[in-house]
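Worksheet for the structure shown next.
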Amino acid sequence: MSVTISEAVKYIGVDDKTIDLFESQYVVPHGVSYNSYLILDEKVALMDTVDTRGVEQWEKNLLAALDGRKVDYLIVSHLEPDHAGSIGRLVELFPEVTLVGNAKTFHMLPQFFDELPVDENHKITVAEGESLSLGTHTLNFYMAPMVHWPEVMVTYESSEKILFSADGFGKFGALDYEDPEGWACEARRYYFNIVGKYGAPVQALLKKAAGLDIQTICPLHGPVLNENLGYYIGLYDTWSSYKPEDKGVLVAYASIHGNTAKAARKFAEMLRAKGVEKVSVMDLSRDDMAEVVEDAFRYDRMVLAAASYDGGVFPCMQDFLHHLQSKAFQNRTVGIIENGTWGPTAGRTMKGILETMKNITIVEPMVTIRSAMKESDLPAMEALADVIANA
Ligand code: FEO
């Protein structure tokens, strides 16, 4: 994929369209890109490598862009293998390369590469606000701990006003795939599932970025952003502060034989009839869990409908709530519909997990269905729909 950034800054990343699950857990039907950039100046700097899955194509891209020159510096923004995986190959190609990272980078590097032939004279340890001149280009380093991993740092190139943002502003999808849903859909799924737990560190990074004049954002996944940057930065501000992005309701259900599903769909109809414009109905047994997590964060309200199971709740609901818990889900209004044939337990189990999360308002009434939804259940469901529609 050819991406133009500027005369001196070249995109040399690769698309991966054959990976089954990114990070062994996220479906990526349109692939993912591992971005890597080269800055050609008096000195040549490489901004991260790629996953070993893409090393051969990346090496071709790198050598073509270098056109006979050598790499002087490798800036290691993030040590996760989808970016640092090909450091070993780079050092084989350019044994004189100097690695640039922070103290945490060099502490963690040997954990991945215990026999990397790079001596101390070929490592530069940078700290917050330090810079490295390449000639006319200057790299300024800002630490971004926990904007996914503790060693993450971003680099601002001041002559062309480019922010190399590491995982920040990343997105699922190969670069040659034009997403009909625009940038936000897969960027949001990426953000909440991968970086979602770390809202406070992302807020800290946004504050640093606010002091920089940025014209281009070069992330480690997804497209280079070079216009309307306020839109992307605004979404990151909303997401990282755990505020809902849209008014709407996620109805997530966990149904064994289809009866809870029927009740959930009926409940969604009630919400629509009461004027709720955005209602997303998700089957936790079958829909992409990462997309359900995304919708939970996207909307301001959520209704959980689940069957009782083994004295608790049907496992896919438990799994979903565990995902939300680990991603620091907070600040939302939640309604509960439980189903049970004898001694329903789903409601109190879901409530117990929700109560461990910050600022979750669980509204009444909780609806209890016995085995299958009947006419007699409708008034309680209507009452809950009224509360949710007006919350
Ligand atoms: Fe794209 Fe946290 O690695």
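Val279 sits among other residues whose Cβ lies under 9 Å from its own Cβ, and their net charge, with Lys and Arg +1 and Asp and Glu -1, is 0. Over the stretch 9-240, Cα pairs under 8 Å with separation of 6+ residues give a relative contact order of 18 percent. The packing ranking, built from the mean of other Cβ atoms within 10 Å per residue, places the peptides 168-174, 377-383, 41-47, 300-306 in the order 300-306, 168-174, 41-47, 377-383, highest first. If you take all other residues with their beta carbon under 13 Å from the beta carbon of Thr138, and give Lys and Arg +1 and Asp and Glu -1, the sum is -3.
From its DSSP helices (H runs of at least four residues, each -39,500 (n - 2.57)), the chain gives a residue-normalised ellipticity at 222 nm of -9500 deg cm²/dmol.
Taken along the Cα-to-beta-carbon direction at a fixed 7 Å, the label points for Ile256 and Thr125 span 5.8 nm. Taking every C-alpha pair closer than 8 Å and separated by at least 6 residues, the mean separation divided by the residue count of the chain gives a relative contact order of 11 percent.
Placing +1 on each Lys and Arg Cβ and -1 on each Asp and Glu Cβ, with no other charges, gives the chain a dipole about its Cα centre of roughly 1500 debye. Here's the list of lysines a cross-link from Lys374 could span, going by alpha-carbon distance under 25 Å and ignoring same-chain residues fewer than 8 apart: Lys262, Lys266, Lys274, Lys351. With all protein chains in place and a 1.4 Å probe, the accessible surface of the stretch 246-389 carries 48 percent carbon and sulfur. Starting from one equal scatterer on each C-alpha and no solvent at all, send me the Debye-based log10 I(q)/I(0) for the stretch 122-224 at q = 0.12, 0.16 Å⁻¹, two decimals. For the requested q values the scattering log ratios are -0.43, -0.74. Remark: the chain carries 42 Å² of accessible area per residue (probe radius 1.4 Å; ligands, DNA and RNA excluded). Share of carbon and sulfur in the accessible area of the stretch 133-235 stands at 53%, probe radius 1.4 Å.
With the convex hull constructed from alpha-carbon coordinates only, the stretch 9-240 shows a mean projected area of 11.7 nm² over all directions.
Value of Rg to Rh for the stretch 246-389, rounded to two decimals, is 0.92; Kirkwood radius and Rg both from alpha-carbon coordinates.
Mind jotting down the distance between the C-alpha centroids of the stretch 19-48 and the stretch 358-391, whole Å? Between the Cα centre of the stretch 358-391 and that of the stretch 19-48, the gap is 45 Å. So what's the net charge close to Glu338: Lys and Arg +1, Asp and Glu -1, counting the other residues with Cβ under 12 Å from its Cβ? Cβ neighbours under 12 Å give a net charge of +2. Taken along its principal axes, the alpha carbon cloud of the chain reaches lengths of 78, 39, 34 Å, longest axis first.
The values are calculated or read from the model by the stated rules, or taken from the named source; none is laboratory data. Given the structure is predicted, the values throughout are model-derived calculations rather than measurements. Methodologically, a virtual Cβ is constructed for each residue, glycine included, from the backbone with ideal geometry; neighbour enumeration extends over all protein chains shown. The accessibility values were calculated without ligands, DNA or RNA, using every heavy atom of the protein model including side chains. Shrake-Rupley method; radii C 1.70, N 1.55, O 1.52, S 1.80 Å.
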